[in-house]
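Chemist: Okay, here's the structure, questions in a sec.
Readers should treat all values here as calculations from the given coordinates under stated rules, not as data from a laboratory. No experiment lies behind these values; they were computed from the predicted model shown. No Cβ is skipped: glycine too gets one built from the backbone with ideal geometry, and neighbour counts run over all protein chains shown.
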Ligand code: CTP
């Protein structure tokens with residue numbers, strides 16, 4: 001989708017300038033064309049050659065270096081940009097833009113562009129909370145400029161507080177979502193479940209499975225970027241909750257069941273990608289189970305089949321399940337589609353090493369209850385999510 005898009009990245013002079021390389025690298029992996037403009041002080045922190053190598057484009061540094069070309073260059077970059085990202089945005093550049101000063105290539109291009117401009121500030125805490133900087137930020141926000149708030153933490157100068165550049169992954173995600181123009185889920189409510197659930201045995205032990213949550217999180221992000229109001233109910237994972245999503249953290253099957261049932265009536269599309277535990281110990285031991293001489297036998301009893309329940313009570317909702325299979329993929333998936341009264345099922349072969357559980361890619365077949373099938377090649381989970389919504393909306 002984004003292959004035609006251009007982001008003009010403005011790099012300012014701050015210690016976090018090197019982190020812009022990370023963001024550019026991720027955007028390139030998403031087929032975004034990158035043009036970099038560096039301020040004079042940015043060049044003192046990072047060599048332009050690094051930006052040139054990663055962006056695979058000439059880096060613009062000095063407005064007056066090529067007297068004949070500069071005017072064309074700043075106007076053409078301003079026109080070419082689908083979005084401008086200013087990273088790290090210093091107090092100086094924020095102040096200049098807020099005051100209408102355009103005295104170098106970066107500020108001139110910002111001024112001449114009609115594309116959305118996103119600032120990712122990073123600076124010393126006292127500078128950041130300085131009322132002048134805050135007033136400039138407020139003024140720019142009112143004028144429609146976007147800001148990705150800095151994080152709190154230990155800063156390069158040793159101070160602790162707000163002012164650390166936001167997580168580069170988050171910055172990249174926000175940029176990608178702003179570039180996204182397929183808004184075919186506008187105003188739809190989408191509920192996604194993700195990750196494993198756990199079944200506690202005693203205060204220190206539980207059983208669970210190897211689900212990482214990556215597939216469900218990718219679906220939630222894709223739905224959000226297509227304009228949906230997304231609720232993501234997830235078991236324990238190591239992934240940061242996506243921005244702009246109503247995130248609900250649960251642990252057990254019962255907790256997931258209760259939350260899903262609570263949200264279900266108001267949803268338009270429900271996608272159950274969680275790997276829910278089917279069994280739990282017959283008894284939970286309040287005390288830690290002590291070891292004994294003999295083998296230990298635990299009895300597990302059936303727990304809720306959340307998706308089956310949804311299939312029984314569904315009204316207007318489009319219901320989508322996953323089928324994690326290690327054999328007879330197609331037959332088993334079709335049985336689950338029918339048994340759980342689903343509209344679609346996404347079947348994945350979990351025995352494949354480079355796709356499926358706990359990795360970044362997946363290889364799936366999607367079945368519609370009406371008999372149509374979409375077989376996908378191995379691809380990133382985000383692309384699987386995209387193809388899934390394309391199929392539903394086709
Ligand atoms: N699911 C669920 N509740 C369960 C088990 C599964 O809601 N207790 C949902 C999953 O989120 C998934 C679908 O049902 O969307 C299929 O899950 P899967 O683990 O493949 O199948 P099961 O129904 O558990 O059957 P089996 O383990 O026998 O393959």
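Chemist: From Cα pairs below 8 angstrom and at least 6 apart in sequence, can you work out the relative contact order of the stretch 189-392, rounded to a whole percent? Display every interim value, and only then the final one.
Modeler: Values: 425 pairs, mean separation 41.4, N = 204.
Relative contact order of the stretch 189-392: 20 percent.
Chemist: Related question: Just the projected area, averaged over all directions, of the convex hull on the alpha carbon atoms of the stretch 298-394: how many nm²? Provide the component values of the computation, followed by the final result.
Modeler: Details: hull surface 30.1 nm².
Average of the hull's projected areas for the stretch 298-394 equals 7.5 nm².
Chemist: A follow-up question, please. May I ask what percent, to the nearest 5, of DSSP beta bridges between residues of the chain are antiparallel?
Modeler: Numbers: 20 of 62 bridges.
Counting only bridges with both partners in the chain, antiparallel ones make up about 30 percent.
Chemist: Going by how many other beta carbons lie within 10 Å of each one, how would you line up 345, 292, fewest first?
Modeler: Ranking 345, 292 by Cβ neighbours within 10 Å, fewest first, gives 292, 345.
Chemist: As a footprinting exposure proxy, order 106, 329 by other Cβ within 10 Å, with the fewest listed first. Display every interim value, and only then the final one.
Modeler: Details: 106 30, 329 18.
In order of increasing Cβ crowding within 10 Å: 329, 106.
Chemist: If I take every Cα pair under 8 Å that is 6 or more residues apart in the chain, average their sequence separation and divide by the length, what percent do I get for the relative contact order? Provide the component values of the computation, followed by the final result.
Modeler: Details: 812 pairs, mean separation 41.5, N = 394.
Value for the chain: 11 percent.
Chemist: Also: Tell me what the chain gives for mean residue ellipticity at 222 nm when only DSSP H runs of n ≥ 4 count, each as -39,500 (n - 2.57), the sum divided by the residue total, rounded to 500 deg cm²/dmol. If you can, show how the numbers build up before the last one.
Modeler: On the way: 14 runs with 136 residues, N = 394.
Mean residue ellipticity, 222 nm, calculated: -10000 deg cm²/dmol.
Chemist: Based on other C-beta atoms within 10 Å, arrange 157, 172 from fewest to most. If you can, show how the numbers build up before the last one.
Modeler: Values: 157 12, 172 20.
The fewest-first ordering by Cβ neighbours comes to 157, 172.
Chemist: Taking a point 7 angstrom from the Cα of residue 25 along the C-beta vector, which residues in the stretch 144-170 have backbone N less than 17 Å away?
Modeler: 167-170
Chemist: For residue 373 and residue 315 in one chain, what is 0.36 nm times their gap in residues minus the Cα-Cα distance, to one decimal in nm? Numbers along the way, then the final one.
Modeler: Numbers: separation 58, 0.36 × 58 = 20.88 nm, distance 2.37 nm.
My answer for the length gained is 18.5 nm.
Chemist: In whole Å, largest first, what are the principal axis extents of the Cα atoms in the stretch 189-392?
Modeler: Extents along the principal axes, in whole Å: 57, 34, 32.
Chemist: Follow-up. Debye calculation, C-alpha points only, no solvent: report log10 I(q)/I(0) for the chain at q = 0.08, 0.13 Å⁻¹, in the same order as the q values.
Modeler: Ignoring solvent entirely, the Cα scatterers give -0.54, -1.06.
Chemist: Also: What share of the DSSP beta bridges in the stretch 189-392 is antiparallel, in percent to the nearest 5?
Modeler: Values: 16 of 41 bridges.
Of all bridge pairs located within the stretch 189-392, approximately 40 percent are antiparallel.
Chemist: Over 23 Å, how big is the tail of the calculated P(r) for the stretch 5-178, in percent of all Cα pairs? Please report the intermediate quantities before stating the final value.
Modeler: Values: 4998 of 15051 pairs.
Of all Cα-Cα distances in the stretch 5-178, 33 percent exceed 23 Å.
Chemist: Okay, moving on. Which length gain, in nm to one decimal place, applies between residue 327 and residue 295 when the Cα-Cα distance is subtracted from 0.36 nm times their residue separation?
Modeler: On the way: separation 32, 0.36 × 32 = 11.52 nm, distance 3.12 nm.
Extending this stretch completely gives an extra 8.4 nm.
Chemist: Quote the relative contact order of the stretch 5-178 in percent (integer), defining contacts as alpha-carbon pairs under 8 Å separated by 6+ residues.
Modeler: Details: 340 pairs, mean separation 39.2, N = 174.
The normalised contact order for the stretch 5-178 reaches 23 percent.
Chemist: Between residue 44 and residue 112, how high is the FRET efficiency from 1/(1 + (r/R0)^6) when r is the Cβ-Cβ distance and R₀ = 35 Å? Nearest 0.05. Let's see the in-between values first.
Modeler: Details: r = 25 Å, r/R0 = 0.72.
The formula returns an efficiency of 0.85 here.
Chemist: Which value in nm describes the separation of the simple spin-label points at residue 239 and residue 352, placed 7 Å from the Cα toward the beta carbon?
Modeler: 1.8 nm
Chemist: On to the next question. Going by alpha carbons, how many degrees (0 to 90, nearest 10) lie between the helix axis of 70-80 and the longest principal axis of the chain?
Modeler: 20 degrees
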